[in-house]
Each structure stands twice: as structure tokens, then as C-alpha cells.
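Just below is one structure, and these are the notes that go with it.
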Amino acid sequence: MESGDETVRSIQKTSNSRYKAGLIVEGFNGPKTQSALIKALQTELNKQFNKKLVVDGKLGAKTKAAIVTVQKGAKGNLTWIRPHFTRKDITLDHLILSLVKVLNLALYKFQKAREISADKKADKATFTELFTA
């Protein structure tokens, strides 16, 4: 029986295949997985929106400022980037299975729980909350 979370393993496998992340696929959402997701985000912002970010895996001010709103109907790899987080007030592993298929109710509840604009859009504030503790 495999340990760790299947969703996280899937994220790690996809990060390795799409972004050459070099992650150990063990199903645990640690700092290397988070850094790989941020690198994927930076890579896609550069490719899709010509944001000219340094791909360093750090969610700094420039990366936060470059984040675009992703909503239903969006396409491309940016819609794949989906971290697995567990917060004491809401479990997010089912929140973002794909940013294309945003579960509006779960997104709304997450935004309300985190006290950010509850507009059911994966915008800068939402991404920032997902990638920070």
C-alpha cells in the first residue's frame, strides 16, 4: 500500500513530467512540492502572459503581482496548477481538482473562510492564500 495522498502524488508526477521538477513521488505536500508548484505557476505566467518572471519557486511580490484571474472556461497549463492544502477550516484537496473545473461552492467557502473577496474566481488573492500558510 502506498503512503501519502494520491492527489499529491498526481501533482508530483505531473510536475515532474511537465516541468522537470525532480520531485520524489511520495504523496506528501512539503516545501519541495510547493516550490515546484510555484515554479510551474511562474513558468506558465511567462509562457501564456509574457510576465518575464524569474522562475525561482518563491512566491515573491513580482510573482504575486503577475498572477492572473483564472475562471471557468480558461485553458492551458495554468489551469492545471492545483496545490493540495489542508487548512483547519476547510480541506482544499477537492477545491481545485482543475482550475478549469473550479468547484464554485468550495471556492466561495474557501474565500469566505480566508476572508478574501468571495467572487468564485481564482484571482491574485486566492492564489496568494493557497500558496501561503
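Since every read-out is calculated from the coordinates, none of them should be taken as a lab result. Please read these numbers as outputs of a predicted model, since none were measured by experiment. Cβ placement follows ideal geometry from the backbone for every residue including glycine, while neighbour counts extend to all protein chains displayed.
Here the gap between residue 58 and residue 113, fully extended at 0.36 nm per residue and compared with their Cα-Cα distance, gives a gain of 17.3 nm. As a rough guide to protection, the peptides 51-60, 11-20 ranked by mean Cβ packing within 10 Å, highest first, stand as 11-20, 51-60. Over all pairs of different C-alpha atoms, segment 1-45 has a mean inverse distance whose reciprocal, the Kirkwood radius, equals 10.4 Å.
Working note: Karplus 6.51/-1.76/1.60 with θ = phi - 60° gives segment 112-122 the couplings 5, 5, 8, 6, 10, 3, 8, 10, 6, 10, 7 Hz, where Gly and Pro are set to x. With each label modelled as a point 7 angstrom along the Cα→C-beta vector, the residue 16-residue 3 pair spans 1.7 nm.
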